[in-house]
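Starting off with a structure, shown below.
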Amino acid sequence: MISSCQCFFLILKFTIIKNKLIEKAEKVLDTNFREVGGFSIPCEGLYPFQWNWDSGFIAIGFAHYDTTKAKREIEALLSGQWENGFIPHIIFHTDSDSYFPGPDFHQSNLHPLASKNHRTTGMTQPPVLGFVLKELYDIVDDKKDMLNFIKLNIDKVYNNHEHFYTHRDPNKEGLVFIYHNWESGTDNSPIWDDIWETMNPPNYKFERRDTTHVDAAQRPSNREYDYYLHLIEIAKQNNYDDAKIAELSPFLVQDPLFNAMLIKSNAALIELYKLIGNSEEKIKTLQQWQTKAIKRFNEKLYNEKLGAYVHYDLRNEKQIEFLSSSSFAPLFAGIPNKERAEVIVKTMMDKFGGEDRYLCASFDPDSDRFNPKKYWRGPVWINLNWLLYKGLKHYDYTNEANRVKEDSVALLERFGFYEYFDSRKELDEPGGYGGNNFSWSAALFIDMLKR
Ligand code: DGY
């Protein structure tokens, strides 16, 4: 039996440990922030520029203790926005030879409306910015100040959504496509393996830089890079024109994670425009996008047999029937109804939630394509866990939500602020992989512990 005195000291000890870890996480973020340019690198060496969805998650971490940096992070990302509303996946604020493929390979200036401020890539990443603005508003104490900041920037995010629905939705069905695996954020997921089978790119000559920073066993293979580069070459040959890409790219996918992020961001923009006032037209348009998108999402991206959402291969007109952490991300955007949410949560817990595993592996642990160490082919990612935690809470799955949060904290405490983690609990080697001192792992740890 624990006495109340012992209990007090246990809580005190726990609080001291947590506060120390939060301090460490803040140090990771502050070290990765670049004063010149006002943005954060995801981590030293491996990722030396500003990445789109990383920045959104990073801003959430900063909002808890340094609002100025949170705002600068967003402004720096938007400073690379194209004149047509497109927000690229990397903004090359500075030069660096520690990353391939860099700005000379991507050649964003091939597109007539590309940013004149910065060189960028010609692809995007999951559109988190809308809901990030809402998170910033919810986190900070000075709501008036943050709303002023949001007022200055919200139309840029709206223009980005308009660009998606105008140029990335050829069937006008409310679901947007991605043309590159790097746009999904889940770069080398086994989801893409069958698409690679339909392609036969040349063996490009290039010098990988990522494998000088990280063990090659934890990164995509050289042959996979041939596919990645080939898709960029096709886009470049067509000056990054979305219509041409929709016609020609062998990779054309409607991704449940990507579309769920857009839907969640639509919802956030609606709430923020209501707070700002005088925005009826924009709210009306956002609501129209939203209704259409959610309906089609549920019709097209749900797989009864698997009991979860899946990717849709728009080029080859078929569902890609695999479970991944993206299959459960629609919970975050409130997309399934209650009955469907129950099925999805059950699938997640049955297939990914065994007691011997940390939640949530990025790919089906029962599949022969699962690899517990290799980037998006199996490891746990903190940003996906953060989305799932919030999604589960939204549907009142409190136990499951707490499990995801506790597993995330346990991984970060056990291994440090790594990029991704082994989902197996029984492990006699370190299970933190990829880059260390990784910004979004630190940022979302802060958010999970402080809220
Ligand atoms: C990489 O280089 O692996 C990046 O994640 C691409 O965005």
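The values are calculated or read from the model by the stated rules, or taken from the named source; none is laboratory data. Since the model is a prediction, treat every value here as computed from it, not as a measurement. Every residue, glycine among them, receives a Cβ derived from its backbone with ideal geometry; neighbour counts consider all protein chains shown. SASA here: full protein model, heavy atoms, side chains in, ligands and nucleic acids out. Shrake-Rupley method; radii C 1.70, N 1.55, O 1.52, S 1.80 Å.
Report the number of Lys pairs in the range 97-217 whose alpha-carbons are under 15 Å apart, with separation of 8 or more residues or on distinct chains. Each step should come with its number before you reach the end.
On the way: Lys134/Lys143; Lys134/Lys144; Lys134/Lys151; Lys134/Lys156; Lys143/Lys151.
The result is 5.
Another question, if that's okay. Can you pick out the pairs among Lys20/Lys274; Lys295/Lys390; Lys264/Lys374 whose Cα atoms lie more than 31 Å from each other?
Working: Lys20/Lys274 39 Å; Lys295/Lys390 22 Å; Lys264/Lys374 29 Å.
Distance filter (> 31 Å) returns Lys20/Lys274.
What is the sum of charges, Lys and Arg at +1 and Asp and Glu at -1, for the other residues whose Cβ falls under 15 Å from the Cβ of Phe39? The partial results should precede the final answer.
Details: positive: Arg34, Lys69, Lys71, Arg72, Arg119; negative: Asp30, Glu35, Glu44, Asp54, Asp66, Glu73, Glu75, Asp95.
It works out to a net charge of -3.
Which of the trypsin sites (Lys or Arg not before Pro) found in the range 286-376 are in a DSSP loop and have at most 11 neighbouring Cβ atoms, other than their own, within 10 Å?
Details: sites: Lys292, Lys295, Arg296, Lys300, Lys305, Arg315, Lys318, Lys338, Arg340, Lys346, Lys351, Arg357, Arg369, Lys373, Lys374; in loops: Lys305, Arg315, Arg369, Lys373, Lys374.
Within the range 286-376, the qualifying trypsin sites (Lys or Arg not before Pro) (loop, at most 11 other Cβ atoms within 10 Å) are Lys305.
Starting from the amide H of Tyr433, placed 1.01 Å from N in the peptide plane, find each other amide H under 5 Å away whose residue is 5 or more places distant or on another chain.
Amide H neighbours of Tyr433: Glu419, Tyr420, Phe421, Asp422.
Right, next: If I model a spin label as a point 7 Å beyond the Cα along the Cα-Cβ vector, how far apart are those points for Asp193 and Lys292 in nm?
Here the modelled spin labels are 3.6 nm apart.
If you roll a 1.4 Å probe over the heavy atoms of the protein chains, what accessible area per residue do you get for the chain, in Å²?
40
Check Arg119: other-chain or 5+ apart residues with amide H under 5 Å from its amide H, H built from backbone geometry?
Phe92
Which GluC sites (Glu not before Pro) does the range 168-239 hold that lie in a coil by DSSP with at most 13 other beta carbons within 10 Å? Intermediate values should be presented prior to the final figure.
Values: sites: Glu173, Glu183, Glu197, Glu207, Glu224, Glu233; in loops: Glu173, Glu207.
For GluC sites (Glu not before Pro) across the range 168-239 that sit outside H, G, I, E and B with at most 13 neighbouring Cβ atoms in 10 Å, the list reads Glu207.
What is the distance, in nm, between label points placed 7 Å from the Cα along the Cα-to-Cβ direction at Glu280 and at Ser221?
6.0
So, one more: Using only Cα atoms, what is the ratio of the radius of gyration of the chain to 2.2 N^0.38 Å?
Numbers: Rg = 21.0 Å, N = 451, 2.2 N^0.38 = 22.4 Å.
Normalised Cα radius of gyration, the chain: 0.93.
May I pose another question? In terms of the Cα gyration tensor, with a ≥ b ≥ c the square roots of its eigenvalues, is the range 340-451 rounded because a/c is under 1.5, prolate because a/b exceeds b/c, or oblate? All intermediate terms of the calculation are to be shown ahead of the outcome.
Details: a/c = 1.84, a/b = 1.13, b/c = 1.63.
In terms of gyration-tensor shape, oblate.
List, in order, the whole-Hz ³J(HN,Hα) value for each residue of the range 186-201 obtained from phi through the Karplus relation with A = 6.51, B = -1.76, C = 1.60 and θ = phi - 60°; use x for Gly and Pro.
9, 3, 10, 4, x, 3, 8, 3, 6, 5, 4, 4, 7, 10, 9, x
Sorted by average packing, counted as other Cβ atoms within 10 angstrom per residue and highest first, what order do 105-113, 139-147 take?
On the way: 105-113: 16.8, 139-147: 13.7.
Ranked by mean Cβ neighbours within 10 Å, highest first: 105-113, 139-147.
Report the local net charge at Gly185: Lys and Arg +1, Asp and Glu -1, summed over other residues whose C-beta lies under 15 Å from its C-beta.
Residues near Gly185 contribute -3 overall.
Additional query: Quick one: if you stick a label point 7 Å off each Cα along the C-beta vector at Arg315 and Asn203, how many nm between them?
Here the modelled spin labels are 2.2 nm apart.
Turning to a different aspect of this structure: For the range 92-102, take each phi angle, set θ = phi - 60°, evaluate the Karplus expression 6.51 cos²θ - 1.76 cosθ + 1.60, and give the result in whole Hz per residue in order, putting x for glycine and proline.
Taking θ as phi minus 60°, the curve returns 8, 5, 10, 8, 7, 9, 8, 9, 10, x, x Hz for the range 92-102.
Right, here's the next one. Spelling out what I want: for every residue of the range 412-425, take phi, set θ = phi - 60°, compute 6.51 cos²θ - 1.76 cosθ + 1.60 (Karplus), and round to whole Hz; glycine and proline get x.
Rounded to whole hertz, the list is 5, 5, 6, 10, x, 7, 7, 6, 8, 9, 5, 7, 7, 6.
If each residue of separation counts as 0.36 nm, what is the full-extension length gain between Leu110 and Lys18 once their alpha-carbon separation is subtracted? List each step's numbers first, then the result.
Numbers: separation 92, 0.36 × 92 = 33.12 nm, distance 4.86 nm.
So the extension gain works out to 28.3 nm.
Something else now. Quick one: net charge of Tyr420's neighbours, Cβ under 12 Å, K/R +1, D/E -1? Let's see the in-between values first.
Details: positive: Arg219, Lys373, Lys374, Arg377; negative: Asp187, Glu419, Asp422.
Result for the local shell: +1.
Give me the distance between the Cα centres of the range 142-207 and the range 254-268, rounded to whole Å.
Between the Cα centres of the range 142-207 and the range 254-268 lies a distance of 10 Å.
Nearest 0.05, what FRET efficiency do Glu426 and Glu339 give at R0 = 51 Å with Cβ-Cβ as r? Numbers along the way, then the final one.
Numbers: r = 36 Å, r/R0 = 0.70.
So the FRET efficiency works out to roughly 0.90.
About its Cα centre, how strong a charge dipole does the chain have in debye, to the nearest 20, once Lys and Arg get +1 and Asp and Glu get -1 at the Cβ? Walk me through the intermediate numbers first.
Details: 54 positive and 64 negative charges, 187 e Å.
Computed charge dipole of the chain: roughly 900 debye.
Suppose R0 equals 45 Å. What FRET efficiency, 1/(1 + (r/R0)^6) with r the Cβ-Cβ distance, do Lys172 and Val36 give to the nearest 0.05?
Values: r = 43 Å, r/R0 = 0.95.
Working from the Cβ atoms, E equals 0.55.
Shifting gears a bit: Given H placed on each backbone N at 1.01 Å, which residues far from Ala308 in sequence or on other chains put an amide H within less than 5 Å of it?
Under 5 Å from the amide H of Ala308 lie the amide H atoms of Asn303, each far enough along the sequence or on another chain.
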